[in-house]
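One structure below.
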Amino acid sequence: MEQITRTGAAGEQRIGRVGADLAKRVVQVHGVDAAGALVCRRALPRGKFMAWCARLPAGCVVAMEISSGAHHWARRLTALGLEPRLMSAQLVKPYRSEGATGKNDVNDAAAICEAASRPTMRFVPVKSVEQQSMLCVHRLREGLKAERTRCISRIRGLLAEFGLVYAQGPEVLRRVLADVLEDASNEMNTLARLVIARARSQWRELDEHIAWCDQRIAAHVHDNAAVRQAAQLMGIGPLGASAAIATVGDFAQFRNGAQFGAWCGITPRQDSSGGKTKLGRITRRGDTYLRNVLVQGAKSVVFTAHKRTDPISRWALALRERSGWQVAAVALANKNARILWAVMTRGERFDAHHLSVKPTAATVPT
C-alpha cells in the first residue's frame, strides 16, 4: 500500500473523518474523505497535533480511543469546531484489518477511523473538567486506601517478628499500638520501636489524606443537586452518588436503566445459541471503580435488610436467603443502577416503597 505522509492545505480540507492513535510523544493520524478514500496517513509530534487539526474543515470527525488524555484532546478539538468521538478500545479492535498480529500505530489509527464510521458504534461522551477533577479525588482516595491497608499489614508483619500478634481489624491494632511501643517487657529493642513508631506516623498521615478526600466528596454532595438526588438511594450514599455523577454526567445518554446496568458491567454474560438462553458471571465491563462502589454499597444494604420493611429490603433479604449474600449484593447493585437511571432521567425523588408498573401496549405512546 502506498505510504502517504504529507498533505497540503487543499488535501486537509478534503478530509471528512480522522482516526487518531494517541501516545505520549507522537499521534498517528489516518484521514479519509467523505467517500472513505485515504487522504492522509502520517505521524505527528504531540506538540503539532492541534496545529494540524486546526487546518481541518469545520465539523470534521476526529475519532480516538479512550485513553489517558483523550478527554483533554476532545475538549480542545471541540473548541476548534471539530467533532471528537471517543470509543472503547475493545470496540475498535475488530476493525483492525490485519488482526491481532498486525498491531501498530498505523493500523490502529486506520481501525479507529473505520470504527467511527459504523452506524451502530457506541461513543463515549466527553467529560468536563469538573467531572475529571472530581474523579481525581476518587482515584486518589482509592490509592490512599490501598496504601493504608499495606501500611497496616506491614505493621502487623513487623510486630509478628517479635511474637506480637493481635486480633484482626485496624481499630484493634490502633488501640494497642501505643501500649506496645511503651511495653518494656516485649523483646523489641530501640531500633525496632522507632521503626514501628515511624510506620504508625505514616498510618496517621494516610488517615488525614483520606479524610481530606472525604471532605471534598462531601462538598460535592453539598454543592451539586444531582449528587444529592442520587445519594438518596439505598446502597448509593454520598460516595456512590459523587462517583456516579462524576463518571456518567448525563444519564440520558442511556436508553433505559437496563442499558446503564450493562454499561456498569453488573449484568450476566450471555452464551446463548439456538434459542437456548445461557447466562454466566457478570461481564465486569465499564468503569471498575463505579462498579465496585455500587456493589459495596449494595452489600451493606443486603446485610442490614432485616432491619427494614420496604419492598427492596424484603426482596434483597429473600434473595440472600435463597442464593447467598454475594448474588444478592450484585443483583441489588444492578437494581440500584436501574433505579438511579430512572431517578436521574425523570427528575423524581427516590421512594423505597415505590412499586414500578411494567408498561403495556395500551400505555406505551406511539
What are the ³J(HN,Hα) couplings of segment 200-210, residue after residue, when phi is run through the Karplus curve with 6.51, -1.76, 1.60 and θ = phi - 60°? Round to Hz, x for glycine and proline. 5, 5, 5, 4, 4, 5, 5, 4, 5, 5, 5
Just the ratio, please: alpha-carbon radius of gyration of segment 187-275 over 2.2 N^0.38 Å, N its number of residues. 1.80
Would you mind counting up the charge near Ala51? Only other residues with Cβ under 14 Å from its Cβ, with Lys and Arg at +1 and Asp and Glu at -1. +4
Kindly state, to the nearest 0.05, the FRET efficiency for Arg255 paired with Arg284, given R0 = 30 Å and r defined as their beta-carbon distance. 0.90
Can you tell me the order of 91-103, 23-35 when each peptide is scored by its average per-residue count of other Cβ atoms within 10 angstrom, highest first? 23-35, 91-103
Gyration tensor on Cα atoms of segment 239-344, a ≥ b ≥ c root eigenvalues, a/c under 1.5 rounded, else prolate if a/b beats b/c, else oblate, says oblate
Using the Cα centre as the reference, give the magnitude of the dipole from point charges on the C-beta atoms of segment 255-366 (Lys, Arg: +1; Asp, Glu: -1; all else neutral), rounded to the nearest 20 debye. 260 debye
Taking only protein heavy atoms and a 1.4 Å probe, what accessible area per residue, in Å², does segment 74-115 have with all protein chains in place? 51 Å²
Length gain on complete extension for the stretch Ala160 to Ser273, per 0.36 nm per residue less the alpha carbon to alpha carbon distance? 35.2 nm
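Given the -39500 (n - 2.57) contribution per DSSP H run of 4+ residues, what per-residue ellipticity at 222 nm results for the chain, rounded to the nearest 500 deg cm²/dmol? Don't skip to the end; give the middle numbers.
Values: 14 runs with 191 residues, N = 366.
Dividing the helical sum by the residues of the chain leaves -16500 deg cm²/dmol.
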List the residues whose amide H sits under 5 Å from the amide H of Val39, counting only those 5 or more places along or on another chain, with H placed 1.01 Å from N in the peptide plane. Gly31, Val32, Asp33
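What is segment 98-151 by shape, rounded, prolate or oblate, if you read a ≥ b ≥ c off the alpha carbon gyration tensor as root eigenvalues and call it rounded for a/c under 1.5, prolate for a/b larger than b/c, and oblate otherwise?
Numbers: a/c = 3.90, a/b = 1.85, b/c = 2.11.
It is oblate, given that a/c is not under 1.5 and a/b is not larger than b/c.
Go ahead and run the numbers for FRET between Arg228 and Ser128, Cβ-Cβ distance against an R0 of 25 Å, rounding to 0.05.
On the way: r = 19 Å, r/R0 = 0.75.
FRET efficiency, Arg228 to Ser128: 0.85.
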The set of residues whose placed amide H lies less than 5 Å from the amide H of Val27, leaving out same-chain residues fewer than 5 positions away, is Leu44, Arg46
Out of all Cα-Cα pairs in segment 41-189, roughly what percent, to the nearest whole number, are more than 27 Å apart? 50 percent
Whole-Å distance, taken between Cα centres, linking segment 182-201 and segment 142-157: 18 Å
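Quantify, in whole percent, the carbon and sulfur part of the accessible surface of segment 264-359 (1.4 Å probe; protein heavy atoms only).
Percent of accessible area from carbon and sulfur atoms in segment 264-359: 49.
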Phi angles of segment 144-151, converted by Karplus (6.51 cos²θ - 1.76 cosθ + 1.60, θ = phi - 60°) into ³J(HN,Hα) in whole Hz with x for Gly and Pro, give 5, 4, 5, 5, 5, 4, 5, 5
Probe 1.4 Å, accessible area per residue of segment 158-225, Å²: 66 Å²
Degrees separating the helix 288-303 axis from the principal Cα axis of the chain, which is the longest one: 40 degrees
Return the carbon/sulfur percentage of the accessible area of segment 32-190, one whole number, probe 1.4 Å, all protein chains in place. 53 percent
Amide H partners (placed H, <5 Å) of Ile282, local residues excluded: Arg269
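Using a 10 Å cut-off on Cβ atoms, rank the peptides 146-157, 331-342, 187-198, 294-305 from the highest mean neighbour count down. Don't skip to the end; give the middle numbers.
Values: 146-157: 14.7, 331-342: 23.5, 187-198: 12.7, 294-305: 20.7.
For the peptides 146-157, 331-342, 187-198, 294-305, the packing ranking is 331-342, 294-305, 146-157, 187-198.
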Highest-first arrangement of 118-131, 58-71, where packing means the average Cβ count within 10 Å: 58-71, 118-131
Once you have the Cα-Cα distance between Met121 and Ala318, take 0.36 nm times their residue separation minus that, and quote the gain in nm to one decimal. 67.0 nm
By its C-alpha gyration tensor, with a ≥ b ≥ c as the square roots of the eigenvalues, how is the chain shaped: rounded for a/c under 1.5, else prolate for a/b larger than b/c, else oblate? oblate
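The values are calculated or read from the model by the stated rules, or taken from the named source; none is laboratory data. Computed from a prediction, not measured in an experiment: that's the story for all the values here. Positions of Cβ are backbone-derived with ideal geometry, glycine not excepted, and every protein chain shown enters the neighbour counts. In case anyone asks, the SASA skips ligands and DNA or RNA and just uses the protein heavy atoms, side chains included. Shrake-Rupley method; radii C 1.70, N 1.55, O 1.52, S 1.80 Å.
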